[in-house]
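> Before we start, here is the structure in question, set down as structure tokens.
Where a number appears in this text, it was derived from the coordinates with a stated rule and is not lab data. In this text the structure is predicted, and so the values were computed from the model without any measurement. Neighbour counts run over all protein chains shown; Cβ positions are idealised from the backbone, glycine included.
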Amino acid sequence: MNQNKNQNFISKFSWLMITVLTLSLFIFSSCETDETQEVVNFTNLVWEDDFNANGAPNPGNWTYDIGTGVDGWGNGELQYYTNRAENAVIENGMLRITARQENFEGSQYTSARLLTKGLFEKRYGRFEARMKLPWGQGMWPAFWLLGSDFEEVGWPQCGEIDVMENRGSEPTIISGTVHGPGYNAGLSISKEYDFVNERVDTDFHVYGIEWGPNYINFYVDDVLYNQITPEDVPGEWVFNDEFYVIINLAVGGRFGGPPNENTVFPQTMYVDYVRVYD
Amino acid sequence: MMREKTYKYRKFPAFLAMVLLIFTSCERDLDEDADLATFPSIAEVYTDNPVNLTDEFFISFDPAEGANTAGFGTDDNVAYEGTSSIRIDVPDPNDPGGSFIGGIFKDRGAGRNLTGFDALTFWVKGSTSASVEFGFGTDFEGDKYAVDLANVTLSTYWRQVIIPIPDPAKLVQEKGMFKFAAGTISTGGLAYTFWIDEIRFEKLGTVAQPRPKILLGQDQFQQTFNGSQLNIGGLTETFNLGNGQDVTVNVAPGYFDFSSSNTAVATVNEFGAVTVVGAGTASVTATLAGIDAEGSLTVDSQGEFQPAPIPDEDPVNVISIFSDAYTNVPVDYYNGFFNGDGQTTQGGAPPININGDEVINYTDLNFVGIGTFLNVPSIDATSMTHLHVDINVQEPVDPGDFITLVLINSVGNDETSGSVTINSADLVSGEWGSYDIPLGEFTELGSRDQLGLLFFVSDASISNIYVDNIYYYKEVIDPSPNVDDSAATEVALPIGFQSTTLTYDIIGFEGAEDTSVDANPDPSGINPTSRVVRSLKASGGQFFAGSLLNLDSPIDFSASQKFRMKVWSPKAGIPVRVRLEDQNNTAGIELDSNTTTSNVWEEIEWDFSGVYNPSVDYVRIVVFFEFIPGLPGDGSTYYYDDIQIVD
């Protein structure tokens, strides 16, 4: 979720189409020939948080980023992240991450960013979350993975997999993206998915990836809409080691721009569950 | 969005087919969009032809009110899709066929079930970027479920318009399929053309985040009385569309469910009409499809309302601005909301109705104007003698409180103004005070032939008043008997100029030097006596040319201050100023009173009760005919007679 990576989307579109088309044919064959193996690979639940205990998120599963980072977490984001119940709390079986308009520690907005860093880190698997997103210009909810070696090798060498990002100004569109060396920020490899007749803020949807050796499949609900493999990235494939999970709701930033006078606050991102399968 | 997607699929048919196959076999379906691309035929209103409508599907707004019916048609050369579109030629304001265009597409059958849809959609483009209103639900049969989207800005390329349905469950039998209304205000009077195509109801699935409002989302408070009728307006609902844009539509009350927190105080009907039925407080709120609407009306009823006294002036002598007793002249407004000038006053827009009695309640009063100069004729009150107003102050009256009435003539065009102040001693709290103010007391006003504004000014000394019965009237004076002073021993009121032994010390000045006692030119009507004062206001004389009469004894104002003269003027509706002075002209009072007729004797009154000083000896009477600042004399000859104080 670092930097604006949407700029090259259009130019990549046709190219992606062809790639997806080709790969889809490949998958088609795989499914036909080895369908059982594919399914078994990612149905063994190895980690989950169903957010069923009201109150603060389980400290055994989640830690927090606090504050504003450097340059608004590298993206010019406007919120101050806290671990207060006002910004992150479990109620009625849902994790609620709430962005508020309030003066707090020099920022105009508060919100929360939860990580499994140091608590749950894993290579490969099916990572999915069932979520209902906020809405309105300036909302930037995300469900993503960051390479566990981030602090040793830095970004983008550590690798980043954005399972789901959304601009609150585009309530039918999400995108899935990977960042790595030579393909990050504006050059990241990304694809949008448009629900067209549904929205992200009125219904829960499952956002996930199937991640294995040398491939990452992106899906929404039951729809697989993209696959990225080493052939798709113009640089080193950095997705064969452990990553941790991040869920956050940013306000403003270079992905979708700041809130405007029509943005309604507070805004809440509802997470029903996060599940990881082997 | 739908259409772009359709094109995309057409462009990549192979891709579509293969993805479908792939994901079916992987136990994942293609997203369900493909299944949603079909609509019942009843969804369509106009494609290349009206769909499921008769040939007479268009019903124009009333041509008698200026709607132009000639500009409606179809265009086989322009279409967003298919071969034809609806073409609207919007007339210019001076078009003899009508200055605006609009109407509805009506289902002439039993109506349609629209419960399966969430929006009306269509495509529109214009020859220029004008602002047009669209909607549906207007059926000319009560418009119960009307929804309007105002101020849609046209572009010169095709653009889709989406009008959400606030609560589709209500539309089980709807006949109002489409509505448009267009004029040239947004183009500065330039005619233009726009085209509409592919009008249909759709289930978009992306119309979301409904935010209904009543009273435009404001929490309003109204102090009132039993019997008061109030209307909940400002009904809107804002949605967020699939493109992320907010859209706000005006919504008919039929979509809302109104409720009162205390029906012993206020009831509300399905149209949002509130009736106050008992003393106390009640809050009226609403929901739309189960969602609480922002905004509320809290009424605080003080119980039974005491209506203002019923006026008893003969209607033929009245020009009424606001009274149930008379036919009122049209006004621009009862509250001009001059907020840019610091006005805080609320109320009067519109007046409120208490038991069928229209009354104005001004709150947060500092000043407020009633306008008659923008789009309605200004008021010619030259033949009127008084301004009447009833005021009921809804708070304690403290010393220093006041309400000043200001009249402005010829607004914005060499305007003149005059004012009269009602002091705290004359204001009453919790009751009606009736005020009959001689127009002559608005001394700086000059002419009153084009009255355009009446202000109530309190400078916040009084903040809450009820106002009723605002009207000008002509006081009909019963003529006094003729004064026979032939045996008088000094020049003192009453004076009839009949004495042949006394010297009437009359001095004309500044163009009225030719003033003296003379023979009555018209010994008839109310004044058959032989001798009167003749005064020539010479052509080119000063507007303040006049004559003075020195008295031998001061005027006795002890019993009454109503000063009367009989006057003969060749002109009706001109001000006659009377000034009363002490011996050395160190104290003087003056009032205007207008003639109401011409070339006949009439009696006019100047009521000095509001301005006289009992400790001053007024020994000089100065009379100015046609006292209009800047207007020189024109050679008219005036006469006056029978000067007296009447009780």
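> Please report the base-10 log of the normalised intensity I(q)/I(0) for the protein assembly as shown, using a Debye sum with one equal scatterer per alpha carbon and no solvent, at each q in 0.05 (1/Å).
The calculated log intensity ratios at q = 0.05 Å⁻¹ are -0.50.
> Count the net charge of all other residues whose Cβ sits under 13 Å from the Cβ of residue B:157, scoring Lys and Arg as +1 and Asp and Glu as -1. List each step's numbers first, then the result.
Values: positive: B:125, B:159; negative: B:197.
Result for the neighbourhood of residue B:157: +1.
> Order by neighbour count: B:471, A:124, fewest other Cβ atoms within 10 Å first, most last.
Numbers: B:471 24, A:124 20.
In order of increasing Cβ crowding within 10 Å: A:124, B:471.
> While we're on this one: Return the Rg/Rh ratio of region A:230-278 with Cα-based radii and a Kirkwood Rh.
Values: Rg = 17.0 Å, Rh = 15.3 Å.
Reported Rg/Rh (Cα atoms, Kirkwood Rh): 1.11.
> Let me ask something else. Counting other beta carbons within 10 Å of each Cβ, put B:515, B:421 in order, fewest first. Each step should come with its number before you reach the end.
Working: B:515 24, B:421 13.
In order of increasing Cβ crowding within 10 Å: B:421, B:515.
> Can I ask one more? Report, in cubic angstrom per residue, the convex hull volume of the C-alpha atoms of region B:49-142. Don't skip to the answer; put the middle values down first.
Working: hull volume 13.0 nm³, N = 94.
Hull volume normalised by residue count: 139 Å³.
> Which whole-number percent gives the relative contact order of region A:101-181, counting Cα pairs below 8 Å spaced six or more residues apart? Mind showing how you got there, number by number?
On the way: 104 pairs, mean separation 18.4, N = 81.
It rounds to 23 percent for region A:101-181.
> Report the net charge of residues surrounding residue B:536, where surrounding means a beta-carbon distance below 11 angstrom and charges are Lys +1, Arg +1, Asp -1, Glu -1.
Details: positive: B:534, B:537; negative: B:513, B:514, B:518, B:634.
Its environment carries a net charge of -2.
> Give or take rounding to whole Å, what are the principal axis extents of the alpha carbon atoms in region B:501-552, in descending order?
Reported extents, whole Å, longest axis first: 31, 27, 14.
> Amide H of residue B:546 versus every other amide H placed in the peptide plane: which residues, excluding those fewer than 5 positions away on the same chain, fall under 5 Å?
B:509, B:512
> While we're here: In square nanometres, what is the average projected area of the Cα convex hull of region B:165-244?
Values: hull surface 40.3 nm².
Across all orientations, region B:165-244 yields a mean hull projection of 10.1 nm².
> Could you tell me how many degrees, from 0 to 90 and to the nearest 10, lie between the Cα long axis of helix B:2-11 and the main elongation axis, the longest principal axis, of the Cα atoms of chain B?
30
> Which angle between 0 and 90 degrees, to the nearest 10, do you get for helix B:13-25 versus the longest principal axis of chain B when only C-alpha atoms count?
Between helix and principal axis, roughly 70 degrees.
> What is the mean number of Cβ atoms from other protein chains located within 10 Å of the Cβ atom of each residue in peptide B:206-215, rounded to a whole number? Before the final figure, lay out the partial values.
On the way: counts 9, 2, 9, 7, 0, 1, 0, 0, 0, 0.
Counting Cβ atoms of other protein chains within 10 Å of each residue's Cβ and averaging gives 3.
> Count charges around residue B:343 for me, please; just the other residues with Cβ under 13 Å from its Cβ, Lys/Arg as +1, Asp/Glu as -1. Don't skip to the answer; put the middle values down first.
On the way: positive: none; negative: B:341, B:364, B:459.
Taking every Cβ under 13 Å from that of residue B:343, the sum is -3.
> Taking amide H positions as placed 1.01 Å from N in the peptide plane, with prolines and chain starts having none, which residues 5 or more places from residue B:422, or on another chain, fall under 5 Å of its amide H?
The answer is B:403, B:404, B:405.
> Quick one: grab the alpha carbon gyration tensor of region A:79-228, order the square roots of its eigenvalues as a ≥ b ≥ c, and give me rounded if a/c is under 1.5, else prolate or oblate depending on whether a/b is larger than b/c.
Values: a/c = 1.59, a/b = 1.20, b/c = 1.32.
Note, shape of region A:79-228 comes out oblate.
> In addition: Averaged over A:132-139, how many beta carbons belonging to a partner chain fall within 10 Å of each residue's beta carbon?
Values: counts 0, 0, 0, 4, 4, 3, 0, 0.
Partner Cβ neighbours, averaged per residue: 1.
> Percent antiparallel among DSSP beta bridges with both residues in the protein assembly as shown, to the nearest 5? Could you put the intermediate results ahead of the total?
Numbers: 244 of 257 bridges.
Beta bridges within the protein assembly as shown, antiparallel portion: roughly 95 percent.
> Let me ask another. Could you work out the percent of alpha carbon pairs in region B:504-647 separated by over 25 Å, rounded to a whole number? Walk me through the numbers on the way to the answer.
Details: 2284 of 10296 pairs.
Tail of P(r) above 25 Å: 22 percent of Cα pairs.
> Using only alpha carbon pairs under 8 Å that are at least six residues apart, calculate the relative contact order of region B:308-457 and give it in whole percent. Could the numbers behind the result be given before it?
Numbers: 303 pairs, mean separation 37.6, N = 150.
Value for region B:308-457: 25 percent.
> Give me the inter-chain shielding for A:193-204: mean count of other chain Cβ atoms within 10 Å, whole number please.
Values: counts 1, 6, 6, 14, 15, 9, 10, 1, 4, 6, 2, 0.
Mean shielding count: 6.
> Something else now. Translational diffusion coefficient, Stokes-Einstein: compute it for chain B using the Kirkwood radius over C-alpha pairs as Rh, at 20 °C and 1.002 mPa s, and state it as an integer in µm² s⁻¹.
Details: Rh = 30.2 Å.
The calculation lands on 71 µm²/s.
> Right, something else. Given springs between every Cα pair under 10 Å in a Gaussian network model of chain A, which of A:79, A:108, A:137 has the largest fluctuation?
The residue with the greatest mean-square fluctuation here is A:108.
> How far is helix A:9-41 tilted off the main Cα axis of chain A, in degrees rounded to 10, range 0 to 90?
70
> Could you please state, rounded to a whole Å, how far the C-alpha centre of region A:120-176 is from the C-alpha centre of region B:569-636?
Between the Cα centre of region A:120-176 and that of region B:569-636, the gap is 88 Å.
> Additional query: Give me Rg over Rh for region A:153-278, both radii from the alpha carbons and Rh done the Kirkwood way, two decimal places.
Numbers: Rg = 15.2 Å, Rh = 15.9 Å.
My calculation of the ratio gives 0.96.
> Next question. Wrap a convex hull around the Cα atoms of chain A, take a quarter of its surface area, and give that in square nanometres.
On the way: hull surface 55.7 nm².
Approximately 13.9 nm², given one-decimal rounding.
> As a check on your grasp of the helix formula, calculate [θ] at 222 nm for the protein assembly as shown: sum -39500 (n - 2.57) over DSSP H runs of n ≥ 4, divide by the residue count, round to the nearest 500. Please list the in-between numbers first.
On the way: 5 runs with 64 residues, N = 925.
Helix contribution divided over all residues of the protein assembly as shown: -2000 deg cm²/dmol.
> Would you mind calculating the relative contact order of chain B from Cα pairs under 8 angstrom and at least 6 residues apart, reporting the percent as a whole number? Mind dumping the intermediate values first?
On the way: 1697 pairs, mean separation 55.7, N = 647.
Once divided by the residue count of chain B, the mean separation gives 9 percent.
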